[in-house]
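Worksheet: one structure, shown below.
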Amino acid sequence: MMKTFIALFRGINVGGNAVLPMKDLVGILEAFDLQDVRTYIQSGNVVFRSTEEDPSRISNRISAEIRNRFGFEPQVLLMESTEMKKALEANPFPEAESEPKTLHLSFLSALPENPDLQGLENLRKDSERFALKGVVFYLHAPEGIGRSKLAANIEKLLGVPSTSRNWRTVTGIMALARSSESAG
């Protein structure tokens, strides 16, 4: 059965490092017989359809192929579109959706075994709010995340790799996924 997947690439096309043109990324994915491959903005957000049952096989193949062709190996967080849909629906800060650049979702590579929530609380500015729900860490940072000590320490204090997207990006990716599902 064909499923819609979302791949979030960590650290590509940011600040001139790990440059990977989206047309090349699409070509790599299409070569793996992934269907309806579409990208959202240049920072490594891809929607595609596949019959593959094991998402880790797909992400490992993609990382290895990028390493072979471009000389760096990005972390690829792969999820079914239903997982991202649930993350959107579980947003603990719905009032922040009206300022989508202030609301961030960090998608974690695994469930944190021993998250240091008190450590995060100690770094939190008065204006910031956060919540950990399963493998998604929500951060509402009205002053932005550029100088946020909390944002800078999410991975360290949760103990797992993650990749973050703001609300606008996540809703854009989800719209692309819904359009893929209705087309397929």
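Only the coordinates and a few stated rules stand behind these numbers; no lab work does. Being a predicted model, the structure only gives us computed values, none of them experimental. Glycine also receives a Cβ, built like all others from the backbone with ideal geometry; neighbour counts cover every protein chain displayed.
Partner lysines whose Cα lies under 21 Å from the Cα of residue 101, excluding those fewer than 8 positions away in the same chain, are identified as 85, 86, 125, 133, 149.
Pairs of Cα atoms nearer than 8 Å and 6+ residues apart set the relative contact order; for region 1-85 it is 40 percent. Principal-axis analysis of the Cα atoms of the chain puts helix 167-183 at an angle of about 30° to the longest axis. Each Cα pair under 8 Å and six or more residues apart adds its sequence gap; the mean of these over the residue count of the chain is a relative contact order of 25 percent. Think of each Lys and Arg Cβ as +1 and each Asp and Glu Cβ as -1; about the Cα centre, that makes the dipole of the chain roughly 360 debye.
Taking 22 Å as R0, compute the FRET efficiency from the Cβ-Cβ separation of residue 33 and residue 178 and round it to 0.05. E between residue 33 and residue 178, to the nearest 0.05, is 0.45.
Under the combined filter of DSSP loop state and at most 10 neighbouring Cβ atoms within 10 Å, region 1-102 retains these GluC sites (Glu not before Pro): 53. With the Cα gyration tensor of region 85-171 giving a ≥ b ≥ c as the square roots of its eigenvalues, does the rule (a/c under 1.5 for rounded; else a/b larger than b/c for prolate; else oblate) give rounded, prolate or oblate? The shape class here is oblate. All Cα-Cα separations within the chain were binned at 5 Å from zero, giving a P(r) of 1, 8, 17, 20, 20, 16, 11, 6, 2, 0, each value a whole percent of the pairs. When the helix-only estimate is applied to the chain (DSSP H runs of n ≥ 4, each -39,500 (n - 2.57), divided by the residue count), what is the mean residue ellipticity at 222 nm, nearest 500 deg cm²/dmol? Rounded to the nearest 500, it is -10500 deg cm²/dmol. Residue 82 to residue 156: FRET efficiency via 1/(1 + (r/R0)^6), r the Cβ-Cβ distance, R0 41 Å, to the nearest 0.05? The calculated FRET efficiency here is 0.90. Across region 85-171, C-alpha contacts under 8 Å between residues 6 or more apart give a mean separation that, scaled by the residue count, equals a relative contact order of 43 percent. Placing pseudo-labels 7 Å out from each Cα toward the beta carbon at residue 68 and residue 149 gives an inter-label distance of 4.6 nm.
For residue 118 and residue 54, the difference between the fully extended length at 0.36 nm per residue and the C-alpha to C-alpha distance is 19.5 nm. Distance between the modelled labels on residue 17 and residue 171, one decimal in nanometres: 3.1 nm (7 Å Cα→Cβ projection).
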